[in-house]
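Taking it in order: structure first as structure tokens, then the write-up.
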Amino acid sequence: MKIMVLNPSSVKVENVIRDALYGCWCKGKRIGGAKTPPYPLLLLTTLLRQEGHDVTMLDAPAQHLTVLDLTKMMAGFQAVVVNSSVMTFCEDAEVLKMLKTGADSLKTVLMGAAPTFMPELCLKHEGIDIIVRREPEFVLRDLFNRLDFGDGRWREVLGIGYKNNGSFIVNDFYPFIENLDQLPFVDWSLLPKNADYFNPVIKRYPYVTDLTTRGCPGRCTFCMSPPFSGYKVRGRSAQNVLEGFRKFVREGYKEVYLRDEMFTALKARNSQILSTMIKEKMDLTWVCSAKIGTLTRNDMRLMRDAGCHYIKFGVESGDQGILDNIKKGITVDQIKQTFKWAHESGIETHAHIMIGNPGESKGTIERTIAFLKEINPTTATFGILTPYPGTPLFEKVAEKYPQIKKEFSIDLASLHSDSFFTDTLCELSAEELAYYEKALHRWFYWRPVYLLRWLMRIRSLSDLRRVIRAGTRILDFSVRGD
Ligand code: SF4
């Protein structure tokens, strides 16, 4: 089949970080104007090509392609696939509707968080023919292989949904991929040439992203990741991850940004990966996320020696009551200990902070500020909690506002900057939360001692460029917002 795998542009915002399959996306400005390559689409394209399909991957924002440009390019394509989350669905569906005008009998396929958590609502839209829920790779492989036969057996593929004479059919889920080593190594040559995937957390270019695990046993009430990828951590084998890393080095990449939520959970595997990287003196630096409580001081030393220079942590709040309310499963003491070890190891840290949590008040925000002074992360982001579909918090909000189950009301333009019915969860008003969101960024980034520390960290011209480019975006965000 001739298939287009498409990362569409948005007319609402210049940039969307769309690479988390489970759909927790952001606009990148508050994280220094970060952009990321569309990893899930690269993986899918690589896999479908290996199956013999004629696949083109387009990253429209990186290639500066408008919807009109895309419509003109659709002639001859039989299917187009878009990864959509709940905050982009309305726009994505309209794009697909327009693309249908560019090719006769084009099948539009939507994967990602939007169809996973709100399947019927997606199928209602005239721009959508087929939806794919949860992990898309093997579902789409089977779907396109069967569509090639042209005998209707594609309707039996697990994990899809489709329209049938005015009704919507949603099949059972496809089983999670237990052996992730079955997935191919991404073909990075698919990326558009000269695309600017600037990311301030990256120190050495060119860089790639990678995913070595899926799933999380966490019960955080705001998070879409476990409902999307499962409550068990599934990991690629140490051999497979190392083979991928060696390939990056051979292809000239200098750094890898691991996009796993739970990279640090698989200790035995990681110890094998990291000690081999050290032994082989692998010329590859890296960045990852980690859950508080999964790392010891020795783990962090090993990570540093194996090239890790920055770890992102979901701190969320400095108030234990709030952490308990969102079932974060960690304590403020664990957070303090983890940041202390990271500082001792010389690894830079990021703290994700949410406000508008259940039980949030001015007092809990004040405690979070005091806590941040104590743990002293290298960078931090502050966003207003969004109760996403698929999460316990969404269900709680829907008890008072049932309409949120009947429409896609989370808007990309105001994502994390406007509160989304958080009056159900805390005493702070939408205006107060919007004020705190920017005030916290100003407080954190405009401290003279903080700015001085950053200036002292600059070691090269590329460091200087990185700090200026990211810094101006963050300072602009702290005044004007997105
Ligand atoms: S630890 Fe919590 S926030 Fe992080 S991925 Fe797991 S459920 Fe989500």
State yes or no: is I322 within 16 Å of the ligand (Cβ to nearest atom) and assigned to a helix (DSSP H, G or I)? yes
Can you name every residue in the stretch 322-340 that is touching a Gly at 6+ places or on another chain (Cβ under 7 Å) and under 16 Å from I369 (Cβ atoms)? I322, V332
I need a count of the residues in the stretch 40-82 that are aliphatic (A, V, I, L, M) and outside any strand (DSSP E or B). 15
Kindly evaluate M303 against the criterion of being within 27 Å of P40 (Cα to Cα), away from the ligand (no atom under 16 Å from the Cβ) and over 25 Å from the mean Cα position of the chain (by Cα). no
Does L266 fit the bill of being without any contact (Cβ under 8 Å) to a residue 24 or more places away in the chain, within 16 Å of the ligand (Cβ to nearest atom) and either in contact with a strand residue (DSSP E or B) (Cβ under 9 Å, 6 or more places away or on another chain) or outside the structural domain of A238 (by TED's automatic domain parsing) (or both)? no
Every pair of residues 6+ apart whose Cβ atoms lie under 7 Å, when the first sits in the stretch 240-251 and is over 13 Å from T212 (Cβ atoms) and assigned by TED's automatic domain parsing to the domain that holds Y207 while the second is part of a helix (DSSP H, G or I) and hydrophobic (A, V, I, L, M, F, W, C): E251/W188
Which of the residues that make up the stretch 2-36 are aliphatic (A, V, I, L, M), farther than 24 Å from F444 by Cβ and either buried (at least 22 other Cβ atoms within 10 Å of the Cβ) or not assigned by TED's automatic domain parsing to the domain that holds M74 (or both)? I3, M4, V5, L6, L21
Return yes or no: is R465 within 21 Å of R30 (Cβ to Cβ) and not assigned by TED's automatic domain parsing to the domain that holds G359? yes
From the list I404, I384, I375, which one is among the β-branched types (V, I, T) and surrounded by fewer than 21 Cβ atoms within 10 Å (Cβ to Cβ)? I404
Restricting attention to the stretch 211-241, the residues that are more than 16 Å from the ligand (Cβ to nearest atom) and either surrounded by fewer than 22 Cβ atoms within 10 Å (Cβ to Cβ) or of a type in the set (A, V, I, L, M) (or both) number exactly 5
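The values are calculated or read from the model by the stated rules, or taken from the named source; none is laboratory data. It should be emphasised that the depicted structure is a prediction, and the values quoted were computed from it without experimental measurement. Neighbour counts run over all protein chains shown; Cβ positions are idealised from the backbone, glycine included.
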